[in-house]
Amino acid sequence: MSTITQGGPSLPQERRVVTEIPGPRSRELLARKQAAVPPGIGTTLPVFVTHAGGGVVVDADGNSLIDFGSGIAVTSVGNANPRVAERVRKQVGDFTHTCFMVTPYESYVEVCEALNRITPGDHEKRTFLVNSGAEAVENAVKVARHATGRPAVVVFDHAYHGRTLLTMTLTAKNMPYKHRFGPFAPEVYRMPLAYPFRWPTGPDNCAAEAAAQAIDAINKQIGAENVAAVVIEPIAGEGGFIEPAPGFLPRLAEFCKANGIVFIADEVQTGFARTGDLFACEHEGIVPDIVTTAKGIAGGLPLAAVTGRAELMDQVHVGGLGGTYGGNPLACEAALGVLETIENDGLVERARRIGSIMLPRLRALADRHPVIGDVRGRGAMVAIELVEPGTKEPDAATTGEVLRRAQAEGLLTLTAGTYGNVLRFLPPLVIPDHLLDEGLGILEKVFGDL
C-alpha cells in the first residue's frame, strides 16, 4: 500500500470498505440533503466525502473508495494536489477577489498566456476566463457570431455542451438536461455524428458518410454562408465517450475553413492531458479556431477559458465579454499549479499509460461477456457500452446494476450515453497502478457475478 500527500496528512492509497455503502453517517447527511436541496440536484453515489487524493475518495463512515470518476474529469492532478493547494493557500491570504474587469492581477494574464501557448496551433491567440464549461461554450458562440455576422450554429447528435439556455439547446439529450425547460434558443441545427459502433453501414464507412451527410445538410438546409460556428467535442463526453471515426473531424474542419465558419472544439472534458494528448484535437492534427476548456483546468476550483484566433477574439467591443467572478485569483493560481503538475510530472504520458492498462483488460472482459458491445476511448478517458447480447440494443438496466455492484465493492465510477448504457472511466492521472489494477478487478468480478 502506498500513501500520497495531497495538501494534508498522507492519505493511504487503498480500498477500504468498513460499512455498507452508503454507511450510516452518509445516510444521515443524505437525509439533511433531501430536506435542504431540491431533488433536481441528483447524486450518483450518496457518500459524503471527508478526504480525497491520489486515487481514492474517503467518506464520512471511513470507507476508502477507488476513484474512477475524478469529479467528472476535474481532479485529473488529484484532489488537493500539493502545487495547487500551496498556490491557493498563499493567494487566499493575499486577496480573494477584485474582479479582473475592475482591477486586474497577474495570475489571470499568466493563465491566458499559458493557454495561448499550449492549445493547438502556432497562430496568434487571445484567451479570456469564465466560470464553467457551459459559460465558455456560450461565450465562444458569442465571439463567432460577432466576428462572422452570421446567426446559425451547427452541433451534433450525442453532444453535451452545458445547462444554460444556449448550451442546453446545443446539447442533444432530452432527459435529464432539456426536458420541460424549453422553449430553446433559435438558429441551432443538429447533424449526424460519426459514431462507429452504431453507424448503419458499419465503422469503415462511418467518417466519409457522416461528414458528407452533415455537409450536405448544412448546404441545403441552412446555407454555409449563414453558419457562424460548428461546435463539436473531439470525443463526445456525456454522449458516451464516442470517438468520431478517423477522418470525420478533419473533413469538418476543412469545410469550415473553406466557408468562413468558425470551428469550435469543446475540450471541456477532453482537455489537459486526459486523452493522452494535451488536447484531444491533437490526435488528428486539428487546429480549431476556438477552443473551450474547463473541468481539469484548475484542480477542482471553478474556472473555464475561451482561447481563439486573435483576429476573431479582438473583434468583440470593449465590455462585450466578461463576468464578475470570471478568472477568480484563487482559481487562476490553481490553474497554474495544474499546468505545472501536468508538465513536471509527465501526466500526458501517464494518461497514455493508464489507457494501455485499461483498454486491453476491458477488451478481454468484453470477449468473455457479450453484454459488452463496445470498448472505446483514449488515454484515461475510457468507456464500455452495454447491449443486449447478440444485438446493439442498449442495455441500460444491466449498466445500472453493474454501477451499483461496483460501488458496493468500493469502486466509484459513472455512467453516460444517450441511451444510459455506457460505463465511463475517468481515473485521476495520478492514480497508482495498484489501484487501477484493483478497480479493474472489481469490474471483472461484477461481470462474472452477473
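The numbers here are math on the coordinates, done by the rules we state, and not lab data. In this text, all values refer to a predicted model and were calculated from it rather than measured experimentally. Every residue, glycine as well, gets a Cβ built from its backbone with ideal geometry; the counts of neighbours run over all protein chains shown.
Worth pointing out:
- Each 10 Å bin from zero up to the one holding the largest Cα-Cα distance in region 307-450 carries the following percent of pairs: 10, 31, 24, 18, 13, 3, 0.
- Packing, taken as the mean count of other beta carbons within 10 Å per residue, orders the peptides 362-370, 394-402 from highest to lowest as 394-402, 362-370.
- Dipole-positive endmost among 299, 36, 156 within the chain (Cβ charges, Cα centre): 36
- Rh by Kirkwood over Cα pairs, then Stokes-Einstein D for the chain at 0.692 mPa s and 37 °C, µm²/s: 146 µm²/s
- Region 8-38 and region 99-165: distance between their alpha carbon centers, rounded to Å: 36 Å
- Distance histogram for region 84-344 (every C-alpha pair counted, 5 angstrom bins, percent rounded to whole numbers): 1, 6, 13, 18, 19, 17, 12, 7, 4, 2, 1, 0, 0
- Take the Cβ atoms of residue 225 and residue 363, set R0 to 41 Å, and the FRET efficiency comes out at 0.35.
- For region 357-424, the average shadow cast by the Cα convex hull is 4.4 nm², which is a quarter of the hull's surface.
- The packing ranking, built from the mean of other Cβ atoms within 10 Å per residue, places the peptides 163-170, 61-68, 118-125 in the order 61-68, 163-170, 118-125, highest first.
- Expressed to the nearest 5 percent, the antiparallel share of DSSP beta bridges inside the chain is 70 percent.
- Ranked packing of 307-317, 346-356, most packed first, by mean Cβ within 10 Å: 346-356, 307-317
- Inter-site label distance for residue 32 and residue 181 at 7 Å from Cα along Cβ, in nm: 2.8 nm
- Restricting attention to region 84-344, close to 45% of DSSP beta bridges with both partner residues there are antiparallel.
- With only the Cα atoms considered, region 110-248 has a convex hull volume of 133 Å³ per residue.
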